[in-house]
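Engineer: The structure under discussion is supplied below as structure tokens; questions concerning it will follow.
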Amino acid sequence: MPDFRDLKGSLTGGGPLIGYADSTVSSGACVATVAGIQITVRAVAGLTVAVGDKLLIQRIGSTYWATSVAAAAPAVPPPTPVVAEGRPDTGDPAPAPKPTVKTGSLVCSPVATASYRDGKWRTDIGPVSDADTFQGRYAGSAYGRNTGCAFYGSKPRSLSGATVTKATIRVRRLTAGDFAARTATLRLVTQSTRPAGAPTLNETTTGPSLAVNATTNAFVIPNSWAQALVDGTRGGLAISISADSPYIRLAGRGSWSAAWTLTIYWRRSS
């Protein structure tokens with residue numbers, strides 16, 4: 001192997017040289033290849049060299065010194081391929097976003113409660129628009145049958161466009177007739193406020209069965225009835241039968257502040 005003294009002319013230059021170790025350090029020197037020429041290089045104290053290491057070599061006079069091992073460039077991972085989000089473009093239009101669904105409840109107190117009998121609204125049982133609501137006729141009475149009504153004004157229509165999911169009413173039975181539990185017959189009324197004449201009665205369904213002084217706070221009425229109130233095609237509720245019995249008296253606004261309170265549960269998509 002040629003000594004570095006035989007290669008001065010080939011490795012002349014003022015700056016540091018780059019070489020690659022062909023051996024480890026032994027007796028303070030190692031063999032390295034510089035510019036294709038293998039030479040003996042002295043290693044500075046404490047320098048550890050492995051075969052293949054890239055060395056920084058400095059020529060001092062006629063001696064070549066390995067001053068350090070050059071660190072390898074950090075490995076750079078290949079770039080992560082960019083994957084388009086969602087499904088591949090097929091040329092079809094994107095599906096419409098799912099609608100936002102809102103839900104809630106609306107409490108509607110009646111704007112009037114009244115009882116109609118013998119062609120007029122009764123005034124003998126309190127203020128005409130706060131009166132208790134009667135159904136049927138008391139046995140032996142010379143008067144005609146009663147129709148008791150609750151009118152809800154415009155508040156249910158504030159939900160216009162919503163879908164009713166449930167509806168309940170609060171009613172309390174007061175003293176009239178016998179004390180046993182009796183079942184009222186509910187009717188759906190066209191008017192939303194008390195008319196001058198008779199109320200217009202429409203659909204019918206079985207109402208709550210209550211003994212005297214009993215209360216129901218959540219009697220369920222048909223969703224379609226509450227929907228009609230929301231849509232504005234109906235405006236109130238009533239108790240009315242085509243017979244005298246059962247004779248029933250349900251509290252009106254003057255007897256109980258919560259009388260005939262209607263709660264409408266709804267949902268709306270947007």
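Engineer: Treating only the Cβ atoms of Lys and Arg (+1) and Asp and Glu (-1) as charged, compute the dipole magnitude of the chain about its Cα centre; round to the nearest 20 debye. Before the final figure, lay out the partial values.
Structural biologist: Working: 27 positive and 15 negative charges, 293 e Å.
For the chain, the charge dipole is close to 1400 debye.
Engineer: On to the next question. Using Cα pairs under 8 angstrom and six or more residues apart, how large is the relative contact order of the chain, in percent?
Structural biologist: 21 percent
Engineer: Relative to the Cα centre, what is the charge dipole magnitude of region 90-193, using +1 at the beta carbon of each Lys and Arg, -1 at the beta carbon of each Asp and Glu, and rounding to the nearest 20 debye?
Structural biologist: So the dipole magnitude of region 90-193 works out to roughly 100 debye.
Engineer: If I model a spin label as a point 7 Å beyond the Cα along the Cα-Cβ vector, how far apart are those points for residue 223 and residue 158 in nm?
Structural biologist: It is 2.3 nm.
Engineer: What FRET efficiency comes out for residue 120 versus residue 100 if R0 is 35 angstrom and r is the Cβ-Cβ distance? Round to the nearest 0.05.
Structural biologist: Efficiency, rounded to the nearest 0.05: 0.10.
Engineer: Just subtract the alpha-carbon distance of residue 268 and residue 213 from 0.36 nm times their residue separation and send over the number in nm, one decimal. Spell out each step's value before the answer.
Structural biologist: On the way: separation 55, 0.36 × 55 = 19.80 nm, distance 3.79 nm.
The span from residue 268 to residue 213 would gain 16.0 nm if fully extended.
Engineer: Measuring from centroid to centroid over Cα atoms, what is the spacing of region 151-199 and region 228-245 in Å?
Structural biologist: Answer, in whole Å: 6.
Engineer: Another one. Note down the nm distance, to one decimal, between modelled labels 7 Å out along Cα→Cβ at residue 24 and at residue 165.
Structural biologist: 7.7 nm
Engineer: A follow-up question, please. Compare the peptides 224-233, 103-112, 196-205, 144-153 by average per-residue count of other Cβ atoms within 10 angstrom and give them in order, highest first. Could the numbers behind the result be given before it?
Structural biologist: Numbers: 224-233: 19.0, 103-112: 17.1, 196-205: 13.4, 144-153: 22.7.
Going by the mean number of other Cβ atoms within 10 Å, highest first, we get 144-153, 224-233, 103-112, 196-205.
Engineer: Separation between the residue 40 and residue 203 pseudo-spin-labels, each 7 Å from Cα along Cα→Cβ, expressed in nm?
Structural biologist: Modelled inter-label distance: 11.1 nm.
Engineer: Further question on the same structure: Determine ³J(HN,Hα), in whole Hz, for all residues of region 244-249 in sequence, where each value follows from phi through the Karplus function 6.51 cos²θ - 1.76 cosθ + 1.60 and θ = phi - 60°; x replaces Gly and Pro.
Structural biologist: Karplus-based 3J(HN,Hα) across region 244-249 equals 7, 10, x, 8, 9, 10 Hz.
Engineer: Give me the extension gain from residue 141 to residue 193: residue separation times 0.36 nm, minus the current Cα-Cα distance, reported in nm with one decimal.
Structural biologist: Extra length from residue 141 to residue 193 when fully extended: 15.8 nm.
Engineer: Rg and Dmax of the chain, Cα atoms, in Å?
Structural biologist: 49.2, 145
Engineer: With n ≥ 4 as the cut-off for DSSP H runs, can you work out [θ] at 222 nm for the chain, using -39500 (n - 2.57) per run divided by the number of residues, rounded to the nearest 500?
Structural biologist: Here the helix-only value at 222 nm equals -1000 deg cm²/dmol.
Engineer: Mind checking which of 44, 193, 226 is farthest towards the positive end of the chain's charge dipole, using Cβ charges of +1 (Lys, Arg) and -1 (Asp, Glu) about the Cα centre?
Structural biologist: So the residue furthest toward the plus end is 193.
Engineer: Cβ under 13 Å from residue 146's Cβ, residue 146 left aside: what net charge do those residues give with Lys, Arg +1 and Asp, Glu -1?
Structural biologist: Taking every other residue near residue 146 into account, the sum is +3.
Engineer: Compute a Gaussian network model of the chain, connecting alpha carbons closer than 10 Å, and tell me which residue from 62, 242, 209 fluctuates the most.
Structural biologist: 62
Since every read-out is calculated from the coordinates, none of them should be taken as a lab result. A quick note: this is a predicted structure, and the numbers were derived from the prediction, not measured. So basically every Cβ, Gly included, is an ideal-geometry build from the backbone, and we count neighbours across all protein chains shown.
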